[in-house]
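The values are calculated or read from the model by the stated rules, or taken from the named source; none is laboratory data. Note that this is a predicted model, so its numbers are computed, not measured. Neighbour counts are summed over all protein chains in view; Cβ atoms, including those assigned to glycine, are modelled from backbone coordinates with ideal geometry.
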Amino acid sequence: MSSIYAFFGGSHGATSSLIVDGEIKYVIEEERLLRIKSGNNHSSYPDLSSLKIVELSKLEIGDADYRIFVEPVPDLYAEYLTNGNYERMGHHDSHCYGSYFTSGMDGKVMTISYDGGGEKSVMKIYLCEDGKMTLFKTMDMSTFGSLSHLWGFSTMGMMGWDDYGEPIWKLCKDEGKLMGMAADGHYDQNIINMLKTVISYDNLKFSPSNTAGKTKFLLDSMRVMGYFNSKEKKEIFSYNLQHYTNEMFVQFIKDLHDLHPEYRKFAFSGGLFANVKLNQQINELEFVDEMFVYPSMGDEGLPLGACIKKAVELGEITKPIKLQNMFFGVGYDTEEINIHSENYDFQKEEYNSTVIAQDLDDGKIIGWFQDRFEHGPRALGARSILVKPTEIKTHKLLNKRLNRYEIMPFAPIVMEEYFDDIFYPSKSKYSAEFMTICYSTREYWINKIPAVIQKSDKSARPQIVVKNKNEKFWEILNEYRKISDIPVLLNTSFNSHNEPIIDSPTQAFEALNKNIIDKLVIGDYVYYRK
Amino acid sequence: MYITVNEEQIDIRFNPYVYVNVLGPDTLYYVELREYVNNDNESKFVEGFHFNEKKEYIENDCFSFLGEFYGDYEISVYKFVDNIGLQRIHTHRYNDCGKVVQFNLVTDNFNEANTWVESVVEYQKKHGCVIKLNSDFEYLNNRFKYGSKLPVHKTYNIGRFEKTSTDYKTIGESRKYGKLWFGNWKVFWSYQHPRNWRGLSAKNISDDILGLS
């Protein structure tokens, strides 16, 4: 049995991971410790995260059985970190192995990774069955286009550049803003036509290549021509960007299905699949029995995927597993939390779920700090902010407290037992444990939980909370349900705008101190201002 | 080489590397360089960016690609047209047939220079260009004195050139390993050499630079 370190760095998404004997021990994104969002730092290296894993695991990098760097590899840094003793792992291979082997799916599964590029390709497709992966198709960067680049460079180009030459909205960070704005736009054939000149789809091929350069040119030109000089115009563009993306990629999946109709399960990874609206379209296809989106679908998920691939090669992982959670980061025990709290003069009580549920029902904003912090872009119950979902005015309050843009939608958490009552279709629910797919909301619930429903298309991006996977999180939902008859809460990531999700108790206490939250549930205690 | 397409004046040069400029009347143009590798029907992307003469909105005032060795290049020039998007206004594929191509042989070894001349002649047969030869050896130079008054369309420097400070476009520390990265992960060793010449024979070096290998 083996210990495997894997790293990714030199661009966005620097991350370190460790698997021992086929078990995921740690996956830590550099941004969490560095406290600079990966999208604001496109040349980060896994310095702090690798040191932290060594500290926590007490396993020196040099003492591990294997050390892996994922492509593209920053050669000198990789030599420095591993003393020259490392192997390289393919970018899309890491994406695909990560998604398939954490999909929990049996039988035939088509696994697809699609992003802006790695190891000279933008996409790889594997045909998988019972733990065996067979490469079906590679799409070379020099001849294929990238929908990820369409989104990334639309995001940058829409807002333009500041006086220092920095994009105001950033690649690999702010694409969600366009996805959020899309909900309020409308169809415009002219914009679709213009987008078609930078990328189109036909017969299993997205083309032409260099979507990045062409999109940048198109968006810069459109911005200069005044296409984005009002909120409404930005919404219209975003709508058509989302519409066109859905149209192309759904046709691509249909064409793949025509070619391989026996594949009705899909596993996805790569930055494109951060687009939960696209994921919704795929999930709603009749022939898709189940889909799974790797919870850390961006490049931050590569090291874990690389560790998994190595463990598969070694025979230490043989079949797709189901993840219990994504809590692979740093955790703090009661003693450490107490030390962190010493600098503050807060009221402290033992945690009581009934009291907190009542606080939620009273409209309080609750900081939720439990377990080890999550790996991936979503707060899934370790570093979350919880609010009742019943009032739309919650948006304004939260945005003000968190200093966030209005356009960023909020997502619900829902008790597993009630998911089908509230959302549909009833499939891909394991993926929804990681908040990776939007679902339609049933009519009865739309007005009951307006704070977590996209007002235009009545969709939501729910996280299903399973009792035996995160009992404390499930329990607070259940207590709130007993009071309100609503088994749903609003869950947003525990961070202010433009910051990574928090790591330490001090950061949580600071949020309480600054009145960002009203109460902090941390470990087995509740803190609040006197 | 100036080409006029409608109102656009397009300046395309290959000497010693690819250079493109568009002299208005619009302010934004996008140029893309692609390459047909091994006579493939489909070209591969090499580099592309947009520019304008006034450096408004962007940093570049022209398009250039500093690789000096041979490539079966295709250059496309686009402009933005309202309600249409990117419109290709011109495409040019590298062709030096009938044009003067200068070959500078940078060596003081006669045998090596002679070997390189063989590659130059092979290149001439393949492409139909007019050879202009510069070397330390008058005997070799005199073989190709055609007295053409045409301007030099393209220059190839054939030699064993160390990487220079102008070989700036690298990603991370890859430079240590002698790689330059362009566009979509296209890799070559330096602006003069597609591959590292160390360990290559004299014939390999000239064939590499002239696209004969």
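Things to note:
- Subset tally (residues that are at the interface with chain A (Cβ under 9 Å from one of its Cβ atoms) and either in a loop (DSSP other than H, G, I, E, B) or charged (D, E, K, R) (or both)) for segment B:30-39: 3
- Selected residue (only one of A:Ile199, A:Ile168, A:Ile192 is closer than 29 Å to A:Asn40 by Cα and either within 11 Å of another protein chain (Cβ to nearest Cβ) or in contact (Cβ under 8 Å) with a residue 24 or more places away in the chain (or both)): A:Ile199
- Among the residues here, A:Ser384 qualifies as under 30 Å from A:Gln507 (Cβ atoms) and among the hydroxyl-bearing types (Ser, Thr, Tyr).
- The condition of being within 14 Å of chain B (Cβ to nearest Cβ), on the phi > 0 side of the Ramachandran plot and not polar (S, T, N, Q) holds for only one of A:Gly270, A:Gly226, that being A:Gly226.
- Residues located in segment A:202-223, provided they are of a type in the set (D, E, K, R) and more than 9 Å from chain B (Cβ to nearest Cβ): A:Asp202, A:Lys205
- Hey, A:Asn491 within 17 Å of the chain's Cα centre (by Cα) and at pLDDT below 95 or not: no
- Odd one out for A:Asn240 among (1) over 29 Å from A:Asn498 (Cβ atoms); (2) at pLDDT 95 or above; (3) surrounded by 20 or more Cβ atoms within 10 Å (Cβ to Cβ); (4) within 14 Å of another protein chain (Cβ to nearest Cβ): (1)
- Residue selected from segment A:1-43 under the condition small (Gly, Ala, Ser) and surrounded by fewer than 24 Cβ atoms within 10 Å (Cβ to Cβ), by the criterion farthest from A:Trp169 (Cα to Cα): A:Ser2
- Test for A:Leu256: is it over 19 Å from the mean Cα position of the chain (by Cα) and part of a helix (DSSP H, G or I): yes
- Filter pass, A:Tyr263 being modelled with pLDDT of 95 or more, loosely packed, with under 15 Cβ neighbours inside 10 Å and part of a loop (DSSP other than H, G, I, E, B): no
- Counted residues, segment A:113-124 - those being of a type in the set (Lys, Arg) and more than 13 Å from chain B (Cβ to nearest Cβ): 1
- Lone qualifier among A:Lys429, A:Lys388 - being within 18 Å of the chain's Cα centre (by Cα), outside the structural domain of A:Ala182 (by TED's automatic domain parsing), of a type in the set (Lys, Arg) and at pLDDT 95 or above: A:Lys429
- Of the set (1) surrounded by 18 or more Cβ atoms within 10 Å (Cβ to Cβ); (2) under 24 Å from A:Asp503 (Cβ atoms), all apply to A:Ser57 but (1).
- Taken over segment A:135-160, the criterion of being more than 10 Å from chain B (Cβ to nearest Cβ), aliphatic (A, V, I, L, M) and within 25 Å of the chain's Cα centre (by Cα) is satisfied by A:Met139, A:Leu147, A:Leu150, A:Met156, A:Met158, A:Met159.
- Segment A:143-182: number of residues that are small (Gly, Ala, Ser), modelled with pLDDT of 90 or more and more than 25 Å from A:Ser269 (Cβ to Cβ): 1
One line per residue, one yes/no per condition, for (1) under 22 Å from A:Asn210 (Cβ atoms); (2) away from chain A (no Cβ under 14 Å):
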| residue | (1), (2) |
| --- | --- |
| B:Val20 | yes, no |
| B:Leu28 | yes, no |
| B:Ser43 | yes, no |
| B:Glu47 | yes, no |
| B:Leu86 | yes, no |
| B:Arg93 | yes, yes |
| B:Cys97 | no, yes |
| B:Val117 | no, yes |
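- Taken as a whole, the structure leaves A:Lys319 outside the set of residues that are buried (at least 18 other Cβ atoms within 10 Å of the Cβ) and either of a type in the set (Phe, Trp, Tyr) or under 30 Å from A:Glu87 (Cα atoms) (or both).
- Given (1) facing chain B (nearest Cβ under 9 Å); (2) farther than 19 Å from A:Lys309 by Cβ; (3) not small (Gly, Ala, Ser), index of the condition A:Met179 fails: (1)
- Annotation: A:Gly180 fulfils all but one of (1) farther than 27 Å from A:Lys137 by Cβ; (2) more than 23 Å from the chain's Cα centre (by Cα); the unmet one is (2).
- When segment A:336-360 is filtered for residues that are among the charged types (D, E, K, R) and within 31 Å of the chain's Cα centre (by Cα), the ones remaining, listed by number, are A:Glu336, A:Asp359.
- Test for A:Met110: is it within 14 Å of chain B (Cβ to nearest Cβ) and in a strand (DSSP E or B): no
- Test result for A:Gly104, modelled with pLDDT under 95, away from chain B (no Cβ under 13 Å), surrounded by fewer than 24 Cβ atoms within 10 Å (Cβ to Cβ) and more than 18 Å from A:Gly13 (Cα to Cα): no
- Test: residue in segment A:504-526 that is within 24 Å of the chain's Cα centre (by Cα), farther than 13 Å from A:Arg401 by Cα and assigned to a loop (DSSP other than H, G, I, E, B): yes
- When A:Glu235 is tested against (1) in a helix (DSSP H, G or I); (2) within 7 Å of chain B (Cβ to nearest Cβ), just one condition goes unmet, and that condition is (2).
- Annotation note: Cβ proximity below 8 Å between a residue of segment A:333-350 that is in contact (Cβ under 8 Å) with a residue 40 or more places away in the chain and a residue that is loosely packed, with under 10 Cβ neighbours inside 10 Å (sequence gap 6+ or interchain) occurs for A:Asp345/A:Lys530; A:Phe346/A:Lys530; A:Gln347/A:Lys530.
- Among the residues of segment A:239-276, those that are under 30 Å from A:Tyr227 (Cα atoms) and among the hydroxyl-bearing types (Ser, Thr, Tyr) comprise A:Tyr239, A:Tyr244, A:Thr245.
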